[in-house]
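The next block holds one structure in the form of structure tokens; read it before the comments.
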Amino acid sequence: MIKIIVAGAVGKMGSAIIKVISSDYNFKLVGATEQSSNKLLNQDAGEIAGIGNIGVKIISDLTQIISECDVVIDFTSPKSSLENIKIASTANKAMVIGTTGLSSEDKKEIEKFTKNIPCVMSPNMSIGVNILFKLAKDVAAILGEDFDTEIIEAHHRFKKDAPSGTAVHLAEIIAQAKGVNIEESGVYGRKGITGERDSKSIGVLAVRAGDIVGDHTVMFGGIGERLELIHRAHSRETFARGALRAAKYVVNAKPGLYDMQDVLNIKS
């Protein structure tokens, strides 16, 4: 049985992960954390997740319980994820990070800590989305600059970052496959007289509306034809189950930074 601490237990993803853990005998929730300012501290994590009392209180200090777990699953904020992996590294505990909005500097900092511990980090834990990552890479490499590439993502109105971490990662993957620099080729929304499209451009458009869980479309537009790769998430449970699959992988892994491509054994 894999013992898990969920960081960000009150959030939408944290609650979804706790629910899935409760229904799978392979995992056990041994701790739950939140920010010190959260009004639900000291409440039972199961009660907050809607599954009843499970005897695990939500606390703010990960150091108090880190010794009890095998792995920390973290869906928090960039600042909190950096703090948590520092604690996990000191305690020699594996991590799964699904936090979005991480900067390139944040990712480099996280990578430093993975010299001591194994960590799976991915902007999207969905199995389907990670297959989308692979397909997008393969298609972009085949089509090259003959086909224009646009990424459209849609999420609920409460999402704080834009574009989504998944869309950003898709853009990075496609840029690499096409042999271009995403910092120079990325176009994030358009307005006004923008001129003719540069063949090296990779467009990214973010939509925020209602309660959309997560939609991602990668469009490859050629002259006379168009190819689209689409993934739609119907519930957060798909991300939660992916995170637990990552947890099962990472507890047996050597120190290092991994992603869901490693977990699914589809990395090319």
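When a/c is below 1.5 the answer is rounded, else prolate if a/b is larger than b/c, else oblate, so apply that to the range 133-174 with a ≥ b ≥ c taken from the square roots of the Cα gyration tensor eigenvalues. Prolate is the answer for the range 133-174, as a/c is 1.5 or above and a/b outweighs b/c.
All other residues with a Cβ under 13 Å from the Cβ of A167 taken together, and with Lys, Arg as +1 and Asp, Glu as -1, what is their net charge? Here the count lands on -3.
GNM on the chain, alpha-carbon springs under 10 angstrom: the most fluctuating residue among M13, M219, M125 is M219.
So if each residue of separation counts as 0.36 nm, and I subtract the Cα-Cα distance between N26 and Q176, what length gain in nm does that give?
Contour length minus the Cα-Cα distance gives 50.2 nm.
Mind telling me which of F75, F158, F113 comes out most flexible in a GNM of the chain, alpha-carbon contacts under 10 Å? Answer for the Gaussian network model of the chain: F158. Panel note: the C-alpha atoms of the chain, placed on their principal axes, show extents of 60, 39, 30 Å (largest first).
Please give the charge dipole size of the range 100-207, origin at the Cα centre, charges +1 on K and R Cβ atoms and -1 on D and E Cβ atoms. Round to the nearest 20 debye. Can you show the working numbers first?
Details: 14 positive and 16 negative charges, 83 e Å.
Using only the charged Cβ atoms, the result is roughly 400 debye.
Note on M1 and S103: with the Förster distance fixed at 30 Å, the Cβ-Cβ geometry gives a FRET efficiency of about 0.25. Look at the dipole of the chain built from charges on Cβ: of P255, V71, G242, the Cα furthest out on the positive end belongs to V71.
With charges set only on the Cβ (+1 for Lys and Arg, -1 for Asp and Glu), what does the dipole of the chain come to about its Cα centre, in debye to the nearest 20?
On the way: 32 positive and 32 negative charges, 122 e Å.
Roughly 580 debye for the chain.
Taking the chain as a Gaussian network of alpha-carbon nodes connected by springs under 10 Å, the highest mean-square fluctuation of the residues G256, G98, G179 belongs to G179.
So which GluC sites (Glu not before Pro) in the range 154-206 end up in coil per DSSP with only 12 or fewer other C-beta atoms within 10 Å?
Numbers: sites: E172, E183, E184, E196; in loops: E196.
Answer in residue order: E196.
Solvent-accessible area assigned to carbon and sulfur over the range 1-68 amounts to 45 percent, based on a 1.4 Å probe.
Set the Förster radius R0 to 35 Å, insert the Cβ-Cβ distance between K12 and K267 as r into 1/(1 + (r/R0)^6), and round the FRET efficiency to 0.05.
On the way: r = 29 Å, r/R0 = 0.82.
The value I calculate is 0.75.
The fraction of accessible area contributed by carbon and sulfur in the range 188-264 is 49 percent, rounded to a whole number (1.4 Å probe; ligands and nucleic acids excluded). Each Lys and Arg adds +1 at its Cβ and each Asp and Glu adds -1 at its Cβ; summed about the Cα centre, the range 155-260 shows a dipole of about 400 debye. How large is the Rg to Rh ratio of the range 39-156 when both quantities use alpha carbon positions and Rh follows Kirkwood? Checking Rg against Rh, the ratio lands at 1.08. What the chain shows is 51 Å² of accessible area per residue, with the surface traced by a 1.4 Å probe over protein heavy atoms.
Using only Cα coordinates, the Kirkwood hydrodynamic radius of the range 40-91 works out to 12.1 Å.
Could you give the alpha-carbon Rg of the range 167-251 over 2.2 N^0.38 Å, rounded to two decimals? Walk me through the numbers before you get to the answer.
Numbers: Rg = 16.3 Å, N = 85, 2.2 N^0.38 = 11.9 Å.
Output field value: 1.37.
The residue list H156, T99, G8 was ranked by how far each Cα lies along the charge dipole of the chain toward its positive end, using unit charges on Cβ atoms, and G8 comes out on top.
Between D211 and I51, full extension at 0.36 nm per residue minus the direct alpha carbon distance yields a gain of 55.4 nm.
The values are calculated or read from the model by the stated rules, or taken from the named source; none is laboratory data. All values reported here derive from a predicted model rather than from experimental measurement. Note: ideal-geometry Cβ built from the backbone for every residue, glycine included; neighbour counts use all protein chains shown. Areas reflect the complete protein model, heavy atoms only, side chains present, ligands, DNA and RNA absent. Shrake-Rupley method; radii C 1.70, N 1.55, O 1.52, S 1.80 Å.
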